[in-house]
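The values are calculated or read from the model by the stated rules, or taken from the named source; none is laboratory data. As the structure is a computational prediction, the values presented were derived from the model and not from experiment. So basically every Cβ, Gly included, is an ideal-geometry build from the backbone, and we count neighbours across all protein chains shown. Just so you know, the surface numbers come from the protein's heavy atoms only, side chains and all, with ligands and any DNA or RNA stripped out. Shrake-Rupley method; radii C 1.70, N 1.55, O 1.52, S 1.80 Å.
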Amino acid sequence: MVNIIIHSDERKAEASRTLRDYGISPERATKAQQDMADCVAQKTNEAYKELRR
């Protein structure tokens with residue numbers, strides 16, 4: 001069984017923006033770099049939401 005996560009366009013854009021912030025081209029990023037960027041983007045969003053409370 002394969003675990004597949006389908007990301008929204010907004011989430012993909014946030015991960016791409018994070019990669020660019022770290023100086024990595026989103027088109028050339030490895031799977032590990034893409035996963036790292038997705039994680040960083042999601043944790044950043046969580047932190048923003050928490051601060052808005």
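Observations
- Of all residues in segment 8-31, exactly one satisfies the criterion of being free of Cβ contacts under 8 Å to residues at least 12 places away in the same chain, open to solvent by less than 70 Å² (accessible area, probe 1.4 Å) and not in a loop (DSSP other than H, G, I, E, B), namely ALA13.
- Filtering segment 32-53 to residues that are surrounded by 12 or more Cβ atoms within 10 Å (Cβ to Cβ) and either touching a Pro at 6+ places or on another chain (Cβ under 6 Å) or not small (Gly, Ala, Ser) (or both) leaves GLN33, GLN34, ASP35, MET36, ASP38, CYS39, VAL40, GLN42, THR44, ASN45.
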